[in-house]
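Comments concern the structure below.
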Amino acid sequence: MDISCDAVILFAERHAQLAEKMADDMEAQMESEWKEKSPAGHWMNSNSESHSKNCECKKHTTEDCCENINEDDHQKIAPSLKTRAAELRKIAAVCRRVPAFAPHTFWEAIQMYWFVHLGTITELNGWDAMNPGYLDQHLAPFYEKEIAAGSLTREEAKELIACFWIKVNNHPAPPKVGITAKESGTYNDFTNINIGGVKADGSDGVSEVSYIILEVLEELHILQPGASIHISSRTPERFLKAGCNVIRKGYGYPSVFNADAYIQELTRQGKSLTDAREGGCSGCIEVGAFGKEAYLLTGYLNVPKILEITLNNGTDPVSGKVVGIKTGDPHGFKSFEELYDAFIKQLNYITDLKVRVSNYIDRMFAKYAPATFLSVVIEDCIRKGKDYYNGGPRYNTNYIQCTGLGTVTDSLSAIKWHVFENGTSSMEKLLNAVARNCEGEEILRQTIINKTPFFGNNDNYADSIAVRVYNDLFNAIEGKPNTKGECFHLNMLSTTCHVYFGKVMGATPNGRPAGRAISDGTSPSQGSDTHGPTSVIQSLGRLDQIKSGGTLLNLRFLPNLVKTEQDVAKLASLIRTYFSLSGHHIQFNIVDTVTLRDAQQKPEEYRDLLVRMAGYSDYFNDMNTDLQEEIISRTENDSF
């Protein structure tokens, strides 16, 4: 660990040496230019007699007048160089102060974090969601002290934060290959700066620094770092509306988290109340105790695929391989309960398999890939004498990220409604249609799409199925032991896996074509939420989200819906209402389909078009066509 710390300090010293060299070079340049235009140089070699005759400064000697002219000329050139040289020497001093010693100033605090960030992403990789948590809460004491002392202005603080933002933006994630590239089609580093929330004592965490960060977000309009606002019952309405004003710009950020809900989530998992209050989101929507926990995401679970395997009695119809257990020929099921029981058996089998694989991976990381520098900055690793990946942190959590709740719910709803209750179709006819990607069965497909109760419409028929699936996911995952003496928890996160997962699936009983993306996180299936966002949040409000370690909700609004201050107030009210139902997270795309289609046709005109994909934003034209189409397929909401 000491070698890792020495390396970061040495790294800072090299920054200091570089800054000093740049300052020396700049000052040498100024001195050279001064000598060229001094009385002994260029000006004195001019025609002194002629100058004397034409000089208006009759009371001065020619030499005096020339010196004044040289000074004036020099003053036009020198100020920016002098200012920059002084700034470079200040940078050198800051880099020698931190991270070797504790920061004393606002500038040093930001620089301290930047070196720590560089240390972690160099040691591991650039897309491990390394972030400082509540950056505004960490910086606020430095800001307030210096503002009171007069040694810092608000604009200077804003400039430093903007510089930090640009530095993060200039460090994209390393190239991805193989299955990782297919599952996560982005070079975003998933750094998620938390803003607001509550302090360790439960009081409001919003400060003037929080508002400055929101201003930087709005003005820079760049890809990363990501940012999220954290809202509790104590959060001022002014702050929520300030966040909503940035959201309506259409950048896809900030996302919005319910601090009151995830504090309950974390305490349910065994964190102390203080540690839970200081916790938040590291990357997309997963939460943990900042600086005290290793919460590892060791893989995604394609829940609709499990239903597909169930409907094929343990065989994957796409590959033709037997990948599950025999749970019975679905053609022989006499009731929905028989089908659902088979689905749960398959779910438990695959989940247990996944836990075993995840534990194997964790053992390999603990043995062969220690994170020595990260272990320095995570509490209790040094006290225990254990690495971050080997049980060193105070808390050690594994999450299994489940995706496709909307797709699997709507598929089960379609089977229950049309096969077992209303006789619209036989099981054989429906399964044959699904196997053929509904070729020759478009009437049946449209009947399912238009006549089935779907999740996300405040319809208890579909919502009760979603609740049942969600609870059974929790039961299948919760409490399974990990390698560090703790356990696995449920997480409803998709990143971009829902697009890849859809490509390795055939058609599904809800009318979704083969190869099409499944639903993301806990969001409704694309286009199935037809009753507006208020109905969506009511449907999701029926899930006991406190059981999870994170749920994801994507909504897309037309820009006209959030044009006025009154509209912003309505958006804030929608968020407050969802959070009163214990919703964990919500995020928005503010863009219409016409714009997205035009961007596909004329990408050069939309180079800065940002959209919200999953737990991160990305440039629309950096996405592949599958990801673009998934964004476009989401329901456009034109009213609340």
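General observations
- Matching entry among F557, F579 (being within 18 Å of A614 (Cβ to Cβ) and either in contact with a Cys (Cβ under 7 Å, 6 or more places away or on another chain) or among the aromatic types (F, W, Y) (or both)): F557
- Screening Y251, Y295, Y262, Y300 for residues that are aromatic (F, W, Y) and either in a loop (DSSP other than H, G, I, E, B) or surrounded by fewer than 20 Cβ atoms within 10 Å (Cβ to Cβ) (or both) leaves exactly one candidate, Y251.
- Within region 351-377, the set of residues being over 24 Å from K480 (Cα atoms) and open to solvent by less than 30 Å² (accessible area, probe 1.4 Å) comprises A371, F373, L374, S375.
- V408 being open to solvent by 10 Å² or more (accessible area, probe 1.4 Å) and touching a residue at least 12 places away in the same chain (Cβ under 8 Å): no
- Where helices (runs of 4 or more DSSP H) fall entirely within region 15-132, those with at least 3 residues that are at pLDDT below 55 are at 48-54, 62-97.
- Look at (1) more than 28 Å from G502 (Cβ to Cβ); (2) out of contact with any Gly (no Cβ under 8 Å at 6 or more places or on another chain); (3) open to solvent by 30 Å² or more (accessible area, probe 1.4 Å); (4) of a type in the set (G, A, S) and you find that A572 fails only one, number (3).
- Hits in region 579-595 (condition: touching a residue at least 24 places away in the same chain (Cβ under 8 Å) and either crowded, with 21+ Cβ neighbours inside 10 Å or of a type in the set (S, T, N, Q) (or both)): F579, S582, G583, H584, H585, I586, Q587, F588, N589, I590, V591, T593
- Any hit, region 227-245, residues being open to solvent by less than 10 Å² (accessible area, probe 1.4 Å), at pLDDT 95 or above and charged (D, E, K, R): no
- Output for region 111-156, where each listed residue is open to solvent by 20 Å² or more (accessible area, probe 1.4 Å) and in contact with a Leu (Cβ under 8 Å, 6 or more places away or on another chain): Y113, E123, L124, M130, E146
- Single residue of A129, A149, A173 found to be farther than 30 Å from L240 by Cβ, within 16 Å of the chain's Cα centre (by Cα) and hydrophobic (A, V, I, L, M, F, W, C): A173
- Every condition in (1) assigned to a helix (DSSP H, G or I); (2) surrounded by 17 or more Cβ atoms within 10 Å (Cβ to Cβ) is met by N348 except one, and the failing one is (2).
- Criterion (of a type in the set (K, R) and not in a loop (DSSP other than H, G, I, E, B)) met by exactly one of K326, K354: K354
The values are calculated or read from the model by the stated rules, or taken from the named source; none is laboratory data. Since this is a predicted model, take the numbers as computed values, not measurements. Here the Cβ is made from the backbone with ideal geometry for all residues, glycine too, and neighbour counts use every protein chain on show. All accessible areas refer to the heavy atoms of the entire protein, side chains included, with ligands and DNA or RNA removed. Shrake-Rupley method; radii C 1.70, N 1.55, O 1.52, S 1.80 Å.
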